[in-house]
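So the structure is just underneath, and the comments pick up after that.
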Amino acid sequence: MSVILASAGYDHTIRFWDALTGVCSRTIQHTDSQVNRLEITSDKRFLAAAGNLYVRLYDIRQTGNSGNATAQASATNNGAPNGSHTSGSSSHNNNNNNPVMTFEGHTNNVTSLAFQIENKWMVTSSEDGTVKVWDVRAPSVQRSYKHHSPVNEVVIHPNQGELISCDQDGNIRIWDLGENQCTHHLIPEDDVPINSLSVASDGSMLVAGNNKGNCYVWKMQNQRDVTSLTPVTKFRSHSKYITRVVLSTDMKHLATCSADHTARIWSTEQNFNLETTLQGHQRWVWDCAFSADSAYLVTACSDHYVRLWDLSNSETVRQYNGHHKGAVCVALNDV
């Protein structure tokens, strides 16, 4: 199980793909609602799906509806985090596609989620106007922070001690978990919704993308446990909504997804010059994920398709067909 690639969206299914062949290897029915965001735990054991009201955690190591059902059921039980148990049945279908854990507490769409580096806690954002911190080992809310409008995304600073969130009114807030309060409040453009944030893997940079197609970049410094932000640049990345901004792990590239049917790659080392525009999708591009070596990008689109792009030539290497409605989120772990 070296490469994990999963996607989801409005057809109420989560699909796992064989990245190389493009074959769908497993389908999970997510009957509650559409899926807004997917995240894979760093140990590759669980996939979290954010939907309407709930986050559900699924066991990645199951192989769908084939194989030894009893063994799979016991594997699910053994793999469940402390304090949670899932019923394993020995029927052919065996419940192995049922969630091993459900996080209940939000009162509206859960828009994003992120795991602490050791997967001990998780943070979520929601259209209910809150950011919540959860204990993953026994699903309970540990902290709840309020925005006064729908929260579109939350990310965890690499220092694991701060959260950064953005909302529909155009606010960016930094929450210090130690002090248990908001320490920074930024408003790049009044009343222009910020849809997405990305923080560099070493904590040196923050990027935000808004509804006007503008990207904002700040330099972040952490001295004596105090974070300071310095504006670096603002640039127009798309003529329409930005749906997602993602920095590559090596921090050399920024990917932006947009309502203009494209994803774009920008060079962080060359003052965010445009490196390439990925063209081929027919509708809004909602989400993307870099490969570990930053050589490939996976995108999810309202045209139902998930695509794998080779960034050296901007070509589609593989198209993943199977969703019956828009694909709005994708998760990739090829480490």
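The values are calculated or read from the model by the stated rules, or taken from the named source; none is laboratory data. What you are looking at is a predicted structure, and each value in this text was computed from that prediction instead of being measured. A quick note on method: Cβ atoms are made from the backbone with ideal geometry, for glycine too, and the neighbour counts reach across all protein chains shown. Surface accessibility is based on the protein's heavy atoms, side chains included, excluding ligands, DNA and RNA. Shrake-Rupley method; radii C 1.70, N 1.55, O 1.52, S 1.80 Å.
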Residues within the range 255-281 that are outside any loop (DSSP other than H, G, I, E, B) and open to solvent by 40 Å² or more (accessible area, probe 1.4 Å), tallied: 6
Near pairs, Cβ below 8 angstrom, 6+ apart or cross-chain, from the range 138-154 (open to solvent by 20 Å² or more (accessible area, probe 1.4 Å)) to any residue that is part of a loop (DSSP other than H, G, I, E, B) and among the polar types (S, T, N, Q): Ala138/Asn82; Ala138/Ser84; Pro139/Ser84; Arg143/Asn180; Pro150/Gln168; Asn152/Gln168
Test set (1) over 20 Å from Ser112 (Cβ atoms); (2) at pLDDT 95 or above; (3) open to solvent by less than 10 Å² (accessible area, probe 1.4 Å) - Leu47 fails condition number: (1)
Selected residue [part of a strand (DSSP E or B) and buried (at least 16 other Cβ atoms within 10 Å of the Cβ)] from Thr233, Thr243: Thr243
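Filter the range 30-54 down to the residues that are among the polar types (S, T, N, Q), within 23 Å of Asn152 (Cβ to Cβ) and outside any strand (DSSP E or B) and list them by number.
Within the range 30-54, Ser33, Gln34, Asn36, Thr41 qualify.
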Tabulated pairs, the range 1-23, first hydroxyl-bearing (Ser, Thr, Tyr), second open to solvent by 70 Å² or more (accessible area, probe 1.4 Å) and part of a loop (DSSP other than H, G, I, E, B), C-beta under 6 angstrom, 6+ apart or interchain: Tyr10/Lys325
Subset of the range 282-304 [touching a Lys or Arg at 6+ places or on another chain (Cβ under 9 Å) and buried (at least 19 other Cβ atoms within 10 Å of the Cβ)]: Trp284, Val285, Trp286, Asp287, Cys288, Leu297, Val298, Thr299, Ala300, Cys301, Ser302, His304
Which numbered condition Ser126 fails, given (1) farther than 29 Å from Gln223 by Cβ; (2) open to solvent by less than 10 Å² (accessible area, probe 1.4 Å); (3) in contact with an Asp or Glu (Cβ under 9 Å, 6 or more places away or on another chain): (3)
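Step by step: first the residues of the range 305-317, then only those that are crowded, with 19+ Cβ neighbours inside 10 Å and not hydrophobic (A, V, I, L, M, F, W, C), then the one that is farthest from Thr268 (Cα to Cα). Which residue is that?
Filtering first and then ranking leaves Tyr305.
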Single match in Thr256, Thr316, Thr262 (criterion: out of contact with any Cys (no Cβ under 9 Å at 6 or more places or on another chain), at pLDDT 95 or above and within 22 Å of Tyr216 (Cα to Cα)): Thr262
Residue check for Asn94: part of a loop (DSSP other than H, G, I, E, B), modelled with pLDDT under 95 and crowded, with 20+ Cβ neighbours inside 10 Å: yes
Evaluation of Asp202 against (1) within 25 Å of Tyr54 (Cα to Cα); (2) surrounded by fewer than 20 Cβ atoms within 10 Å (Cβ to Cβ) (one fails), failing number: (1)
Test set (1) basic (Lys, Arg); (2) without any contact (Cβ under 8 Å) to a residue 60 or more places away in the chain; (3) part of a strand (DSSP E or B) - Arg318 fails condition number: (2)
Selection count where residues are assigned to a loop (DSSP other than H, G, I, E, B), open to solvent by 60 Å² or more (accessible area, probe 1.4 Å), of a type outside the set (Ser, Thr, Tyr) and modelled with pLDDT of 95 or more, scope the range 4-29: 3
Selection from the range 133-175 of residues that are under 16 Å from Ile117 (Cβ atoms) and assigned to a strand (DSSP E or B): Val133, Trp134, Asp135, Val154, Val155, Ile156, Glu162, Leu163, Ile164
Of all residues making up the range 55-85, the number that are modelled with pLDDT of 50 or more and either in a strand (DSSP E or B) or not charged (D, E, K, R) (or both): 8
